[in-house]
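Peer 1: First the structure, which I've put down as structure tokens, then a few questions once you've had a look.
The values are calculated or read from the model by the stated rules, or taken from the named source; none is laboratory data. These numbers were taken from a predicted model, which means no experiment stands behind them. Because the Cβ atoms are built from the backbone with ideal geometry, glycine has one as well, and the counts that use them run over all protein chains shown. All accessible areas refer to the heavy atoms of the entire protein, side chains included, with ligands and DNA or RNA removed. Shrake-Rupley method; radii C 1.70, N 1.55, O 1.52, S 1.80 Å.
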Amino acid sequence: MHASDLHLDTPFEGIARLGPDLPEALRDATLMAWDRLVQETIRRNAAFLVIAGDIYDGTERGIRAQGRFLQGLQKLSTARIQVFIVHGNHDPVEEGWTAIDHWPPGVTVFGTERVQALPVAVDGKTIATIHGISYGRRETTANLAHHFRPGKATGIKIGLLHCNVGNNADHPPFSPCSLNDLCAAKMDYWALGHVHRHQVLKDGKPWVVYAGGLQGRGHLPGEHGPKGAVMVEVDDDQVSQVDFVPLDVVRFEECTIDTDKVSESGEVLAALAGAVQALQNEAEGRTLVLRARLTGSGGMLAPFGNRKAADGLLGELRQNVQAAEPMVYWDSVIDERVTLVNLEAIAKRGDFSAEVLALAQKLEGDERALEIFLQTHCDLSMADQFNDLPPLPEGEAAKKLLREALATGLEALEVEPQS
């Protein structure tokens, strides 16, 4: 069994606004997911479990998290299932503290100085060799994959590493490496951690697999959808099957509605209700925490004709799921509609709004003109009083800013009541 990124006892901040029951469910979610991993590993009679870093959420490593982790390891040891662990950037070995002064039999934590190669024996036969190294410090930016070599290892050769393959922008660039680096190490299976979305980057010679996080932790990149671990089956020292096993307790999901495809607010609510039903079926009894995202170009007759009106949608959504079993919580509504006005009609009018629209369209088609426009019109008079002002955007970022400004300006001119 291959798991990673447990982040035990993660503090889910800002969730109290959703009601008294959900904070309690979230408080125990990562710990309960760990319990499920232990139970599933024992139920499937795995030969061993590998954990690819970030057992804890931070260097403080709360006593509750450490106690629960140790209890699970003791159960696995009693079941004669060996456990191999590396630490990552959230729980580096040389930072923080530990309340665990000894490990149960069969538990190995890899050191930080060099890659170790440790055999796994079952009934006197070596079935695998685990190669691993832990982070000593959080800021581990060296390419640790370069230090993995198979040597004279017997059985299936497994690389256990917390790393960022291919410069994944959603995660810090700790232990960055390429797929070619991993292939050059001559492992049979790479058990990776750090990226929270389950991914199979390569399905053979070698297998390169991110187990993903064990429990979603909010509406962040990679946290949506099922979370769990990976069960790896091996025949004759070759990986024969890799199966993802959902083990999460609370599931975070996002529902996107294109408002250009609906004509009234009731259709938006109906579409979101259908999405909730589908997610409940997939979640198999898990608590759901949802976010709605409104997209589209809008239009004068679009549902929720202005952004203030759209705010009322969240209240209706929460009202509609009050009695849902299992529990469903709507966290927020994100309004990303480009504009709530009819651009084609405005362009034909020849008034001030039409001039604003024409200028924006001209600037979007000329990057140099847009750059000059931003430099000329952005108020930087107070910039010297602040040290953290971001630089003016360029390229696609500048065009995105222009589109957002156009939407806000035209909406104020065309939709909002005039005083």
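Peer 1: Arrange the peptides 46-56, 346-356, 215-225, 133-143 so that the one whose residues have, on average, the most other Cβ atoms within 10 Å appears first. Intermediate values should be presented prior to the final figure.
Peer 2: On the way: 46-56: 24.9, 346-356: 13.1, 215-225: 19.1, 133-143: 17.3.
In descending order of packing, they fall as 46-56, 215-225, 133-143, 346-356.
Peer 1: Using a 7 Å offset from the Cα along the Cα-to-Cβ direction at both E233 and A142, what is the distance between the two label points in nm, to one decimal?
Peer 2: Here the modelled spin labels are 4.0 nm apart.
Peer 1: Cα convex hull of segment 222-284: mean projected area in nm², to one decimal? All intermediate terms of the calculation are to be shown ahead of the outcome.
Peer 2: Details: hull surface 25.1 nm².
Its average projected convex-hull area is 6.3 nm².
Peer 1: Among bridges DSSP assigns within the chain, what percent are antiparallel (round to 5)? Numbers along the way, then the final one.
Peer 2: Details: 20 of 63 bridges.
Restricted to the chain, the bridges split so that about 30 percent are antiparallel.
Peer 1: Given a Förster distance of 45 angstrom, what is the FRET efficiency for E404 paired with A79, based on the Cβ-Cβ distance and rounded to 0.05? Numbers along the way, then the final one.
Peer 2: Numbers: r = 55 Å, r/R0 = 1.23.
Using R0 = 45 Å, I get an efficiency of 0.20.
Peer 1: Kindly list the residues of segment 187-226 that lie in the label zone of E282, defined by a backbone N under 19 Å from the point 7 Å along the Cα-to-C-beta vector.
Peer 2: Answer for this model: 196-200, 211-226.
Peer 1: Sort 188-196, 239-247, 118-126 by packing, meaning the average of other beta carbons within 10 Å per residue, with the highest value first. Don't skip to the end; give the middle numbers.
Peer 2: On the way: 188-196: 26.1, 239-247: 15.4, 118-126: 11.9.
Taking the mean over residues of other Cβ atoms within 10 Å, the ranking is 188-196, 239-247, 118-126.
Peer 1: So, one more: Suppose every K and R has +1 on its Cβ and every D and E has -1 on its Cβ; what is the size of the dipole of segment 1-151 about the Cα centre, in Debye to the nearest 20?
Peer 2: Using Cβ point charges on Lys, Arg, Asp and Glu, segment 1-151 gives about 600 debye.
Peer 1: Expressed as a fraction of 2.2 N^0.38 Å, the rule-of-thumb size for a compact globular protein of N residues, what is the C-alpha radius of gyration of segment 1-133? The partial results should precede the final answer.
Peer 2: Numbers: Rg = 15.8 Å, N = 133, 2.2 N^0.38 = 14.1 Å.
Compactness ratio reported: 1.12.
Peer 1: Write down, largest first, the equivalent ellipsoid semi-axes of segment 75-194 in whole Å, where each equals the square root of 5 times an eigenvalue of the alpha-carbon gyration tensor. Provide the component values of the computation, followed by the final result.
Peer 2: Values: eigenvalues 114, 81, 24 Å².
Equivalent ellipsoid semi-axes, largest first: 24, 20, 11 Å.
Peer 1: Between A273 and V356, how many nm apart are label points set 7 Å from Cα along the C-beta direction?
Peer 2: My value for the distance between the label points is 3.7 nm.
Peer 1: Another question, then. Mind putting a number on the dipole of segment 94-182 about its Cα centre? Charges go on the C-beta only, +1 for Lys and Arg and -1 for Asp and Glu, and I need it in Debye to the nearest 20.
Peer 2: Dipole magnitude for segment 94-182 comes out near 400 debye.
Peer 1: Note down the magnitude of the dipole of the chain about its Cα centre, charges +1 on Lys and Arg C-beta and -1 on Asp and Glu C-beta and zero elsewhere, to the nearest 20 debye.
Peer 2: With Lys and Arg at +1 and Asp and Glu at -1, about 1420 debye.
Peer 1: In degrees from 0 to 90, rounded to the nearest 10, what is the angle of the helix 367-377 Cα long axis to the longest principal axis of the chain?
Peer 2: 70 degrees
Peer 1: So, one more: Sum -39500 (n - 2.57) across every DSSP H segment of at least 4 residues in the chain, then divide by the residue count to get the 222 nm mean residue ellipticity, nearest 500.
Peer 2: On the way: 10 runs with 126 residues, N = 419.
Mean residue ellipticity, 222 nm, calculated: -9500 deg cm²/dmol.
Peer 1: With all protein chains present, how much of the accessible area of the chain (probe radius 1.4 Å) comes from carbon and sulfur, to the nearest whole percent?
Peer 2: Values: 10570 of 20750 Å².
The value for the chain is 51 percent carbon and sulfur by accessible area.
Peer 1: Turning to a different aspect of this structure: For the chain, what are Rg and Dmax over the alpha carbons, in angstrom?
Peer 2: 26.0, 86
Peer 1: When only C-alpha pairs under 8 Å and at least 6 residues apart count, what is the relative contact order of the chain, in percent? If you can, show how the numbers build up before the last one.
Peer 2: Working: 836 pairs, mean separation 46.8, N = 419.
Taking the mean separation of contacting Cα pairs over the length of the chain, I get 11 percent.
Peer 1: Among S263, P150, L279, whose Cα projects farthest towards the positive end of the dipole of the chain, with charges put on the beta-carbon of Lys, Arg (+1) and Asp, Glu (-1)?
Peer 2: Value computed over the given set: P150.
Peer 1: Please give, to one decimal in nm, the separation of the simple spin-label points placed at E364 and L201, each 7 Å out from Cα toward the Cβ.
Peer 2: About 3.6 nm separates the two model spin labels.
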